[in-house]
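Asks: First the structure, then my questions, so here it is.
The values are calculated or read from the model by the stated rules, or taken from the named source; none is laboratory data. Since the structure is predicted, the reported quantities are computational estimates derived from the model, not experimental observations. When we count neighbours, we look across all protein chains shown, and the Cβ atoms used for this are built from the backbone with ideal geometry, even at glycine. Please note that ligands, DNA and RNA were not included when accessible areas were found on the heavy atoms of the full protein model with its side chains. Shrake-Rupley method; radii C 1.70, N 1.55, O 1.52, S 1.80 Å.
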Amino acid sequence: MTTRPRRVELDPDTVERDLARLVLTVVELLRRLMEGQALRRVESGDLTEEQEERLGLTLMLLEDRMALLRDRFGLEPEDLNIDLGPLGNLL
Amino acid sequence: MNDENLWYVYAVVRSPGPAGPPAGGTLGEGLATVDHRGLTALAEKVPATDFDEAPLRERLEDLDWLARVARAHHGVVAEAGRHTTVVPLRLATVCRGEQGVRRLLEEGEDRLLEALDRLAGAREWGVKLYVDEAAAPPAAEPAGGDRPDRAGSGRDYLRRRLGQQRARQDADDAAARTARHLHEALARAAADTVLHPPQQARLSGVPGRNVLNAAYLVPEEGEQRFRDALPPPDDLHTGLRVEVTGPWVPYSFTRTGPEEGTGP
């Protein structure tokens with residue numbers, strides 16, 4: 001068993017970062033979808049001012065937290081992506 | 001029957017081919033010409049160890065080897081194209097014996113003659129239009145540093161995002177419009193055009209998003225008119241960039257290449 005070459009280097013530091021990257025990428029995808037939906041509703045004018053305010057505040061906070069989390073794991077905005085091969089990038 | 005030498009065929013020109021020994025090649029024993037009924041193939045005897053069917057299939061997956069073949073191929077085609085109208089064949093077109101080369105010329109005769117007529121006196125120019133995302137309005141969220149905490153309310157945030165989204169949309173529309181107008185203007189000065197799919201920045205390594213990737217077959221007497229149709233860089237919106245390449249041997253316009261040796 002021990003003679004087999006180890007394909008994956010399990011370095012605790014990078015595992016954490018890679019995992020964070022994956023999770024944050026998915027969160028970022030959802031955030032953008034939500035924001036896109038919110039902007040469409042604002043554009044079509046079917047939200048009250050109060051609803052707009054709350055929605056905007058939520059999205060703003062979400063973006064803010066994303067930036068904090070990225071910083072904590074040393075990730076740049078462009079790191080949050082997944083290469084889907086022939087389909088291009090996720091984001 | 002008889003000689004089982006393999007011949008790599010680079011390109012076809014109208015007979016008589018180049019005066020004197022043709023230059024270039026070197027995938028095998030040196031470039032030679034094979035004449036048949038008014039057509040001349042620029043071809044070269046190549047070793048079966050590389051170019052016979054089975055080894056060739058394997059070799060085609062070897063990128064370094066392929067690059068060498070592509071360079072030799074392009075070299076022969078470009079050199080011939082300097083002197084006469086040339087129809088490049090597909091990369092790695094291999095025939096069995098001189099007889100095979102003749103057969104290729106004979107079977108492809110109509111298409112080759114048609115292509116030679118069509119390409120006579122014309123050269124290919126490539127034009128690409130890029131959008132430099134950096135110069136365009138901010139598309140993604142602002143990086144952590146310039147957090148818009150002064151923006152205050154959620155409504156302001158939404159409005160700002162909406163503005164950014166519209167600006168981006170406008171930039172995209174402007175790029176598409178510019179690409180369309182540019183292509184129309186250039187096509188008027190060209191005998192033929194081919195629209196290639198836009199390049200992926202990831203593969204080409206060229207910065208910016210490619211929104212037009214076109215090839216134009218331009219008669220030599222119309223080259224000035226073609227060039228005049230290109231906008232001076234100052235005329236373009238910020239963030240748009242035009243790249244012109246050429247003149248090339250009209251690779252993009254030889255869709256009539258004979259089938260032999262090009263696979264199923």
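Asks: Along the positive direction of the dipole of the range A:14-73 (beta-carbon charges: Lys, Arg +1; Asp, Glu -1; about the Cα centre), which of A:Leu57, A:Gly45, A:Met34 reaches farthest?
Replies: Positive-end residue among those listed: A:Met34.
Asks: For the range B:1-84, which GluC sites (Glu not before Pro) are in a loop by DSSP, counting at most 15 other Cβ atoms within 10 Å?
Replies: Passing both the DSSP loop test and the Cβ count: B:Glu4, B:Glu29, B:Glu61.
Asks: Please compute, for peptide B:93-104, the average count of beta-carbon atoms on other protein chains lying within 10 Å of each residue's beta-carbon.
Replies: 0
Asks: Here is a follow-up. What are the residues of the range A:44-58 that lose 30 Å² or more of accessible area, with a 1.4 Å probe, going from their chain alone to all protein chains?
Replies: A:Glu49, A:Glu52, A:Glu53, A:Gly56
Asks: Ranked from highest to lowest mean number of other Cβ atoms within 10 Å per residue, what is the order of the peptides A:78-85, A:18-25, B:108-115?
Replies: B:108-115, A:18-25, A:78-85
Asks: Where nothing but the Cβ of Lys and Arg (+1) and of Asp and Glu (-1) is charged, how large is the charge dipole of the protein assembly as shown around its Cα centre, in debye to the nearest 20?
Replies: With Lys and Arg at +1 and Asp and Glu at -1, about 380 debye.
Asks: For the pair A:Leu90/A:Val26, report the inter-label distance in nm, with labels modelled 7 Å from Cα in the Cβ direction.
Replies: 0.8
Asks: Hey, another quick one. Any chance you could tell me what percent of the C-alpha pair distances in the range A:14-73 go past 15 Å?
Replies: Pairs farther apart than 15 Å: 55 percent.
Asks: Would you grab the residues whose amide H sits under 5 Å from the one on B:Leu39? Only those 5+ places off in sequence or on another chain, please, with H modelled 1.01 Å from N.
Replies: Long-range HN contacts for B:Leu39: B:Ser15.
Asks: Is the shape of the range B:38-142 rounded, prolate or oblate, going by the alpha carbon gyration tensor and its root eigenvalues a ≥ b ≥ c, with a/c under 1.5 for rounded and a/b larger than b/c for prolate?
Replies: Oblate, because a/c is 1.5 or more while a/b does not exceed b/c.
Asks: If you don't mind, there's one more thing I want to ask. If you wrap a convex hull around the alpha carbons of the range B:23-96, what volume per residue comes out, as a whole number of Å³?
Replies: In the range B:23-96, the Cα hull volume divided by residue count equals 88 Å³.
Asks: With a ≥ b ≥ c the root eigenvalues of the C-alpha gyration tensor of the range B:175-254, is it rounded (a/c under 1.5), prolate (a/b larger than b/c) or oblate?
Replies: oblate
Asks: Please give the Cα centre distance for the range B:71-138 versus the range A:35-60, rounded to the nearest Å.
Replies: 55
Asks: For B:Arg168 and B:Ala54 in one chain, what is 0.36 nm times their gap in residues minus the Cα-Cα distance, to one decimal in nm?
Replies: That pair, B:Arg168 and B:Ala54, stretches by 35.9 nm at full extension.
Asks: Under the Karplus relation 6.51 cos²θ - 1.76 cosθ + 1.60, θ = phi - 60°, what is the ordered set of whole-Hz ³J(HN,Hα) values for the range B:71-81, x standing for Gly and Pro?
Replies: Working through the residues one at a time gives 5, 4, 4, 5, x, 5, 5, 5, 5, 5, x Hz.
Asks: Give me a single rounded figure for A:69-80: the average over its residues of other chain Cβ atoms within 10 Å of their Cβ.
Replies: That average works out to 1.
Asks: Give a residue-ordered list of calculated ³J(HN,Hα) values for the range B:228-233 (Karplus: 6.51 cos²θ - 1.76 cosθ + 1.60, θ = phi - 60°; whole Hz; x for Gly, Pro).
Replies: Coupling constants for the range B:228-233: 5, 6, 7, x, x, x Hz.
Asks: Return the Rg/Rh value of the protein assembly as shown, two decimal places, where both radii are evaluated on C-alpha atoms and Rh is the Kirkwood radius.
Replies: Answer for the protein assembly as shown: 1.13.
Asks: Here is a follow-up. In the protein assembly as shown, if the dipole is taken from +1 on Lys/Arg beta carbons and -1 on Asp/Glu beta carbons about the Cα centre, which of B:Val9, B:Thr33, A:Leu68 is farthest to the positive end?
Replies: Positive-end residue among those listed: A:Leu68.
Asks: Taking every residue in A:28-34, how many Cβ atoms of other protein chains lie within 10 Å of its Cβ, on average?
Replies: Taking all residues of A:28-34 together, the mean is 1.
Asks: Accessible area lost on pairing B with A, both sides, 1.4 Å probe, Å² to nearest 100?
Replies: Its buried surface, counting both partners, is about 1800 Å².
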